[in-house]
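Presented below is the structure to which this report refers.
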Amino acid sequence: MEQYSASYANTKNNFVILNLKEQDVISRLYSHYCVVKNIIMRGTVTHPSQYLIRELGELDEKVISGEKHQLKYYSEKIPNWNKRIKGSASTLSNPAKKFFFEIIPKYLEKYRFIQSLILPEAMINEIVDEPKEEFIDQCVDFYLPQAKLVIEIDGSQHNQLSQKLLDQTRDQFLRKNGVSVVRIEARSIINPDSQLLKAIDQIKAHITCSEKKVGFNPRLSLIDKLAEYEKISKKSSLLDYYSLHTQRIKYEFVMRLQILILSLLQKGVLDIDSKVWNIKITSDFPNAKNLFAIAYKDVMLWLQNLCKLSKQPFEPPVVTVNSKNQLNPIKIDIKLFSRWSEDYLDDPETIFIRTSYYDDKDFFRVSTADLINYKINSTGYKSDLPYLHYFLKNIFPDFTNFRDGQLQIISYALEGNDCIGIMPTGAGKSLCYQFVCLLQPSINFIVSPLLSLIYDQKTNLDNLKIDRTNFVTSDQKASEKTTVIDNFGNGHYLMIWISPERFQTKAFRENLERINHEKAFAYAVIDEVHCVSEWGHDFRTSYLNLARTIRKYCPKVFLLGLTATASRFVLEDLKKEFEIDTDSIKTVSSMRRDNLYFQIIESPDSEKYNYLKSILLRKNEDFGGELFKTKGDETKSGIIFTLTVNGRNGCKKVAETLSDDLNINIKPYHGKLNDNRIRDNESKNLKKDVQDGFTRNEFPLLVATKAFGMGVNKKNIDYTIHYGLPWSIEAFYQEAGRAGRAEQEADCYIIYSPESCDDAVIREIFAVQTDIPRIKELSKYLRTDLSTIFYLWVFNNEGIEPELDVMRWVMRTLYKGTHNVISCNSIYTKPRVERAIYRLAVLGMIEDWTVLDWGGDTGKFEVIVSDFSEKTVKDNLERYIISYDSDFFEKMYFEEYRPYREILNSSVIKKPYVRYMKALLQWSYDNIAYQRRKAIENMLILCTRNLDNEGIHTYIESYFKFSEITRILDEIVSDPLNYKQWFKILFLTDQSNEISSASIPVSLKKAEESYAALQRYLESYRYNTGLNFLSGLLSIRLGQYYRSDAVERLNSAFNFIDKLDPKKREEIISRCIQFGLHLPQITRASLGEFLANRYPAKAKDFYKIFHDYGSLTVAITLYNKRLQAIEESII
């Protein structure tokens, strides 16, 4: 017997297929059958295909939606249980049979309809989800699932003490699992007595409840799950009743036949390569022959389109149904209204389909098999686009076409490649992973960084009637997490959302191993994949071990990372973690979203709140006073993003103050919201309550931290306001992208408060060489947005010596103890220790680790120590650094790399392992911490450039997009001293990204585009000679030379240039002169001044070429110094 939970029309009843072969036969298209079966059963109530809608009509969602509209099947016919209900072999009596056929109709006459709902000899492992080992193969005499009621008929042997104790143990177990037990002695059934009447009263008590009415005595009514059946049983004509629901019944009939056809294909009873199928079908519903033809046609359409994508030959067989003179037909007996009974035993050659006794069970299991090898043609006359469109329109009916970027990601991932997909917010990233996961016969998991994102994506898929999914979150109880993880391991879900931290637990890893061994994984989806690098290096260390853990426990899985934004450093980090090249990064042709209107407002910190309020009041006036009114999906929703939870500018205070001032309902949202519960009866998941309320338009405005910043898909967000400087351009674009997701026009504001300190402080904070201790000192001069950002940032970056101390403490703890468990404490806290463990793993001193106890700051880790040596640690250090910076060790003799030479050659640090630890930390702070700092600076640059909406759009588009400019920059990254590539950027024309033959410098427009793209690279590469050179020259072209770190970077570049062959150096200087000659006088002076200062002996020559005051000033200064020196020598 195979049991299924599947429906098109929201009928509650599950169904069974009987007399099927037990074993599947792995045939040519077996994996395809599994995919179609999963697609058809992807939801508890599945959306029908377009073909079915054409044939059977569109279902009215209002009529079928919700539990109260569930259609239940009932038959007056008493099931045949003559063999199944067993009697006593010694006395030849059968009190159980008498109870079923005689006692129920006589003593429960009013409720005799339950005869068709009661299952005799029900297995305990079907009644209870997790039965004890001792009860797994045991049965109960009768079970009424709708009342969760077991009825036991006890023979004389149950009077023995040993049996009584066993009965009590089993009854207690059932009651603990919510199942009631009524026991009736067999003798009371054979000769009815008061004990029988008492038992009958107990049964009535379990299937009824008191219903109070004003002015009347309470009366008994059936419990809800039985009341509907009673109502149906009292119909004068069941045929007339069900005729009102003919369309829904046809859909259910077709669903059951489709599952049967696919099961017969899986078991080799039907062969897709046969020319003809002969089918003989009998049913209790008219038009069975036509409905079988519809079910068959729909299954063939799914398979045909699947085979087109996998390049498998496919020719649907001809089907004859109930024709005369059929040769060896497959006989099918399908009845919707009857539950199964013994009939199937009397006719083993016929396949029976009947309704199940278990209404509330979910029998769905993912059909898994070897993954399908797709070969997608995206263009040309043999394009597979029509077949991909077939699945898009039939699984995701809200989509009529693929959006820019989706097709490239989907095709590449389906062909079995690891892939990183970059698409703007609101462009449909989620559909990419949902699509590919459903087209493989597999179980899949999605690693997600935020609870809000998990809940949102689960809700969105549920709304698409794809609900064979679940999640594990920190909001759940331990028992709930365990249940979901176990069900995941048993194949209950097509997809599951999890946090990266879950991969550091033994239980979850064991489930990964089990699924990998017994079933099949296809995709490990890492949503918002930029968090692997950005958050991993900062405060979620589990992200850094994620790819390695997935590879270890799911070695055949394909990695699919998705994000709206990623810096060059992050992309390089991801390429290293995913072990992919640039060809595996797929993106859209444009990141631009023209429906968003950007505006940056500069405000003194003391006036920031007034600016915020004025924006909201002005918008309310623009909407005729309707901005804050909740009107369902017509609500004009908004989000205000704050940097912090607490404080004057934190989300809690801003929400509270705005609520009072504007007299509207505003809620705060942040990562610690659930920690604020103060009453026992308050919701256990405030975060989800707030998110759901916002999604349901219960209030119009949310004030949130970045905990709400990614992926949330609420269509009617019409504006966002960043209340302070965003962390990065990536963060700003992610969060602003919550708006306008229905392609409506939306406003995106930044209210930014500049610092009042000396500009020199800001320049030094962002200078290439500034270290963490110095930043801490300089932060004292900050008062506004930067002060908040650097306070939070420095909090997660202690500095090299404190982190080195933790690494050494971890190794001492492991070697001093007798076991490999590390217990954290108030000094060596869990986040600090886990970061240290990760760094030791990079050096190969630790092989792996798992979390034994989360315990806040004082958790526990179980660590596996590697078999390492001084040589292996040194090799691992070099390998790790080279993976990011290929010529790092070749540049060690340059001044910029002096700290590394001092560490590795230190006579003060006696132990070589400690030197390698410190060198790794130095590199991490020099590169990873630098990257974060540069990202903040890039956001600051954007806010201080006085750009209008179009200027901001252009800047962001240039920053993100992949173009000819980024192609050249990529070449410079891989070969920093290939100076011919430098000048390609400096002499690009505005047309077709061509190099100017007349050697005219790049236009201001093109320079702006190149400069924006360059900033993203500079976040990742601190000492790249070519990039630093371009930073200086492009800053000069744009008149930004003295307002950024361009002077420092250009000097750094020329430190390397001066060590080149003299002929190459002179060629570079000559090209710089050529570049400068065509610049306006004011910007030419900046270049002249730099070259004259760099090569003072040629200052006069530079002036003769440029005729600029910059080189002239340097030349005159040098001339005056010489005169002064002569004067001093004479006097």
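Tabulated data
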{"item": "Calculated from backbone phi, Karplus (6.51, -1.76, 1.60) coupling profile of region 657-669 in Hz, x at Gly/Pro", "result": "5, 5, 4, 5, 6, 9, 6, 9, 7, 10, 10, x, 9"}
{"item": "Sequence ranges 1051-1059, 364-372, ranked by mean other-Cβ count within 10 angstrom, highest first", "result": "364-372, 1051-1059"}
{"item": "Summed residue charge, Cβ within 14 Å of C419's Cβ, Lys/Arg positive, Asp/Glu negative", "result": "-4"}
{"item": "About the Cα centre, charge dipole magnitude for the chain (Lys/Arg +1, Asp/Glu -1 at Cβ), debye", "result": "1300 debye"}
{"item": "Top positive-direction residue, dipole computed over the chain with Cβ charges, set Q157, A841, Y815", "result": "Q157"}
{"item": "³J(HN,Hα), Karplus 6.51/-1.76/1.60, whole Hz, each residue of region 635-647, x for Gly, Pro", "result": "4, 8, 7, x, 10, 9, 9, 10, 6, 10, 7, 9, x"}
{"item": "Percent of beta bridges antiparallel (DSSP, the chain, rounded to nearest 5)", "result": "30 percent"}
{"item": "I136, I443 arranged by Cβ crowding within 10 Å, fewest neighbours leading", "result": "I136, I443"}
{"item": "Under 5 Å, built H, 5+ apart or other chain: amide partners of W497", "result": "I446, N470, F471, V472"}
{"item": "Relative packing of 487-495, 448-456, 320-328, which averages over residues the other C-beta atoms within 10 Å, highest first", "result": "448-456, 487-495, 320-328"}
{"item": "With eigenvalues of the C-alpha gyration tensor scaled by 5 and rooted, region 740-848, Å", "result": "38, 22, 12"}
{"item": "Cα-derived Rg to Rh of region 596-749, Kirkwood definition", "result": "0.94"}
{"item": "Other-chain or far-sequence residues with amide H under 5 Å of K267's (modelled H)", "result": "V25"}
{"item": "Residues N820 and K631, FRET efficiency given R0 of 56 Å [Cβ-Cβ distance, rounded to 0.05]", "result": "0.40"}
{"item": "Which of R54, R738, R593 has the fewest Cβ neighbours within 10 Å, and the rest in rising order", "result": "R54, R593, R738"}
{"item": "Built amide H within the under 5 Å cut-off of S367, gap 5+", "result": "N38"}
{"item": "Pairwise FRET efficiency - S606 versus D759, Cβ, R0 = 22 Å, nearest 0.05", "result": "0.55"}
{"item": "Rotationally averaged projected area of region 594-680 (alpha carbon convex hull; nm²)", "result": "7.9 nm²"}
{"item": "Binned Cα-Cα distance frequencies in region 800-929 - 10 Å width, integer %", "result": "12, 43, 32, 12, 2"}
{"item": "Kirkwood hydrodynamic radius of the chain, Cα pairs, Å", "result": "34.3 Å"}
{"item": "Positive-pole candidate from L612, N646, F623, dipole of region 518-658, charges at beta carbon", "result": "N646"}
{"item": "Size descriptor, Kirkwood hydrodynamic radius, that averages inverse alpha-carbon separations across region 846-919, Å", "result": "14.7 Å"}
{"item": "Qualifying GluC sites (Glu not before Pro) for region 585-644 [loop in DSSP, other Cβ within 10 Å: at most 14]", "result": "E626, E634"}
{"item": "Convex hull (Cα only) mean projected area of region 910-952, reported in nm² to one decimal", "result": "3.4 nm²"}
{"item": "T1117 versus L1004: modelled label distance in nm, points set 7 Å from Cα along the beta carbon direction", "result": "2.8 nm"}
{"item": "Loop-located chymotrypsin sites (Phe, Trp or Tyr not before Pro) in region 865-901 whose Cβ has at most 11 other Cβ within 10 Å (DSSP)", "result": "Y893"}
{"item": "Counted charge near E764, where neighbours are those whose Cβ lies closer than 13 Å (Asp, Glu -1; Lys, Arg +1)", "result": "-3"}
{"item": "Per-bin percent of Cα-Cα distances, region 78-206 [10 Å]", "result": "12, 46, 37, 6"}
{"item": "Descending semi-axes in whole angstrom, ellipsoid equivalent of region 316-386, from the Cα gyration tensor", "result": "37, 23, 12"}
{"item": "Net charge of neighbours whose Cβ lies under 14 Å from the Cβ of A1115, counting Lys and Arg as +1 and Asp and Glu as -1", "result": "+3"}
{"item": "Evaluated over region 1-59, the Cα radius of gyration and Dmax, each in Å", "result": "13.7, 37"}
{"item": "Whole-Hz ³J(HN,Hα) from phi, Karplus 6.51 cos²θ - 1.76 cosθ + 1.60, for region 884-890, glycine and proline x", "result": "9, 9, 4, 10, 3, 6, 6"}
{"item": "Among I446, A507, Y433 - extreme Cα towards positive end, dipole of region 385-587, charges at beta-carbon", "result": "A507"}
{"item": "Which listed pairs, of K556/K961; K198/K231; K860/K918; K86/K361; K506/K830, have C-alpha distances above 22 Å, in listed order", "result": "K556/K961; K198/K231; K860/K918; K86/K361"}
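Taken together, the values in this text are just the output of simple stated rules run on the coordinates, not laboratory data. Bear in mind that the values here come from a model prediction, so they are computed numbers and not experimental data. Glycine also receives a Cβ, built like all others from the backbone with ideal geometry; neighbour counts cover every protein chain displayed.
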